[in-house]
Structures are given as C-alpha cells and as structure tokens.
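Where a number appears in this text, it was derived from the coordinates with a stated rule and is not lab data. What you see is a predicted model; the values in this text were computed from it and never measured. Counting neighbours? That spans all protein chains shown, and the Cβs are built from the backbone with ideal geometry, glycine included.
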Amino acid sequence: MVGLSRLAGGSNTLTATDHRRLRAALGEILATLMGAAQWSTLAWNDIKFRYRRTTLGPLWITLGLGATVFSVGVLYGGLFGNELSHYLPYFATGLIAWTFIGSTLSDGCSTFLGAAGIIRAVPVAPVVHVCRMLTRQLIMLAHNLALMVVLWLLFQWPLGWSFMLFVPGLVLNVLAVFGAVLTLSIVAARFRDIQLIVSTVLQLVFLLTPIMWEAKSLRGIAVTYVVDLNPIYHLIEVVRRPLLGETPMIFSWLVSTMTAAVCLAVGSAFYARYRHRIAFWV
C-alpha cells in the first residue's frame, strides 16, 4: 500500500529504482505488443471456445445488439419524439461504442484472476493477458459494427471524408481502455471487491452518458457536469460522430486525448510497480 500512496501523490519525486522499473515495464509492454501473434491467437481461440458448436458463432453478438437497438430504439425514439432515421443510427453508434468501453473495463477487472493458472505456471509477461482480453473485445466490436452497415442500408445518411476520423477515434478509445485496464486488473487482483464496484459504477455512468438520449436535451449546469466533464461521453463522440458522417468537436478530441494519456501514464506506473506481485495475488 505504500506504493499506492506514492502513486497517489504521497511523494513528488521518482527514485532511480522507480525509473528502472518504469523503463523495464515499458520495454516489456512494447515487446509484448510486437509479439501480436501470441495474444491475438489466444484471443481468437477465446472467441471460438465461447461460441463452439453454434451455427452463427460470434454473429450472435451482433444479433443480440441489433435486437436491443431496434426494440429500445423504437421505444425511446417515440418517447423523445425523434425521427427513427436519425435516432436509431445515433443510438446504435453510441451503444456500440459504449459496449466496447464498458465490456472492456468490466472484463478487464478479471483479466489476471481469470488467467491465474497460466500466470503461476508459465513465465510470460502479465500484460500479454491484457492484450489478449483487449483483442477479444476488438473482435466483438468488429462484429457489432456490422449492424451499422444494416442501418446505413436502411436509412442511408450521408457519409463524407469525416467518416475516416473513426480510425483515430477508435485508437484513442483503445489507448484509454488499455491504460485503464492495466490499473484495474492489478488493483482487482489485490482487492476482489473492485470488480463489483466497477460494475456498479458503469451502470451509473451508462445512465448519465448521452447514449439513449442526446446532450442537446440538457440545459444549464447539467451540461457541464454530465456532458463536458464526462470523459466517456467524449470517447464515445470521437467514434460516434464519424460513423454518422459528422466531425467531432475539437473539445471532444482534446478530452479524449487527455483521457488516453492519463490512463496510459497511470496504468504504466501501476504495472511497473506491481507486475512482479501479480502471481502472488491471484
């Protein structure tokens, strides 16, 4: 816990040992990222194992999300008085982005706990399991994006050059959740209540984030606290707006970039400090 207090601000200086740990951890992370064949194969095997002996396989993910979009979307579109040609794509893109972020953070808490047997038996960098989990979520995201093709064929909203901004927006999301999971997976390995806390907080964040409803429906100070200061909203916006053929606001890009940078910095610090203790905690 002494290390936790130091990371939280108990000490403003880094010792030579801290610098060595950080350099070693960053080198380990980069080496793991370069060995993509290892964790990408593990991730794909996880998907195949989960949907073995099924006819549609991972497409069941898309069908489940599609059922939610059309059933809830039609209901809330009517309640809010929105045209379905506008509301369904808006709701679908927001829900797809949220599903990726929320599922990654929730699943990330059990990353090391779920791989406890491998961590104790095989001398491999723990970050491999984080990359494995994140790749698994990206595969499911790719399946969910097929729903956007169906919606575009139905409503055919205009798509311009701004559609390409989806790529940097997704990169910022991946970097942010990667850094966040590095922290959460380590803390959850030490304190098992963290996974339940994160699940509860994610439910609250989902309700407070403009996914089923639009930010323009708010007025006054609520805009500041629920929208402007909500990093999840901005991470969703840099993915959602390009998919809708629109350009995200500069402020959303700035907040998303800062969120990714902070998550990576904190995650790297935690990984550098505690990666050698993970095998004893799981």
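Only one item in (1) 31, 22, 17; (2) 54, 20, 13; (3) 34, 23, 17 matches semi-axes √(5λ) of the Cα gyration tensor in Å derived from the coordinates shown, and that item is (3).
The charge dipole of the chain, taken about its Cα centre with unit charges on the Cβ of Lys, Arg, Asp and Glu (plus for the first two, minus for the last two), comes to roughly 1000 debye. Taking the average, over residues, of other Cβ atoms within 10 Å as the packing measure, peptides 184-190, 154-160, 254-260 rank 184-190, 254-260, 154-160 from highest down.
Normalised by the number of residues in segment 38-275, what is the relative contact order in percent for Cα pairs under 8 Å and 6+ residues apart? Show your work: numbers first, answer last.
Values: 259 pairs, mean separation 68.8, N = 238.
Relative contact order of segment 38-275: 29 percent.
Considering helices alone, the calculated mean residue ellipticity of the chain at 222 nm is -24000 deg cm²/dmol, with DSSP H runs of length four and up weighted by -39500 (n - 2.57) and normalised per residue.
Per the Kirkwood formula applied to alpha carbons, segment 28-166 shows a radius of gyration over Rh ratio, Rg over Rh, of 1.06. In this label model, residue 23 and residue 54 are separated by 4.7 nm, measuring between points 7 Å along each Cα→Cβ vector.
For segment 139-282, a Kirkwood hydrodynamic radius built from all Cα pairs, placed in the Stokes-Einstein relation at 10 °C and 1.306 mPa s, yields a translational diffusion coefficient of 93 µm²/s. Quick one: check the C-alpha center-to-center distance for segment 56-109 versus segment 156-182, whole angstrom. Distance between centres, Cα-based: 17 Å.
Rank these for me by crowding, 61, 250, going from fewest to most other beta carbons within 10 Å. It would help to have the intermediate numbers written out before the result.
Values: 61 22, 250 8.
In increasing order of surrounding Cβ atoms, one gets 250, 61.
For a test of the definition: using alpha carbon positions, the gyration tensor, and the 1.5 limit on a/c, classify segment 26-72 as rounded, prolate or oblate. Oblate, since a/c reaches 1.5 and b/c is not below a/b.
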